[in-house]
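Visitor: The following block contains the structure, expressed as structure tokens.
The values are calculated or read from the model by the stated rules, or taken from the named source; none is laboratory data. These figures come from a predicted structure and were not determined experimentally. All Cβ positions, glycine included, derive from the backbone under ideal geometry; neighbour counts span all protein chains shown.
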Amino acid sequence: MPSRTALLDRLLDELLANVAAPPADSEDPLAAAHALMSSTYDVLTAAPDLVPLYLTRQGARGPNAVRLGQTMDRLLERAGVASNAVAEARRMLIVHTIGAAAFATAPAMGDSEQPLTIAQIRPSFARSLTWLLTGIAYGAQAASTPDGHPRSDTELHQ
């Protein structure tokens, strides 16, 4: 019999099967990365009871999570992110998306003010995702010399 953790991981990964993943060779890798994370956000907010589990597990594991992660890694590489920074960039995109979904699906705490709805928060998520991807792309460009070689840490922090 599988453990409770294994069952949770399977449940979380099965939900990710609903994420629409663009091809890794999409013409505009940043737009494709935006579409991938936007679809992930939409899938998460459609299952608000599961969002806290994604927070607890720090994402999902399993074949769907691996497939989506590989697609994102390829998109980030094509956008110019150095191979040694791809995993961190992917992780920050996941943190941003799960955090935004958690914020959007948090239950009201009994305040007299109505909390924002998922539909009201969605445009802010899309805008902030654009900012994050722009920063990742800018950082990738700043991290390399004009001839495409990586800059040293000393050069980056001057």
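Visitor: Scan (1) over 26 Å from residue 8 (Cα atoms); (2) in contact (Cβ under 8 Å) with a residue 24 or more places away in the chain for the single condition residue 51 breaks and write down its number.
Guide: The single condition residue 51 does not satisfy is (1).
Visitor: From the list 67, 151, 90, 122, which residue is modelled with pLDDT of 90 or more, over 14 Å from the mean Cα position of the chain (by Cα) and of a type in the set (Lys, Arg)?
Guide: 122
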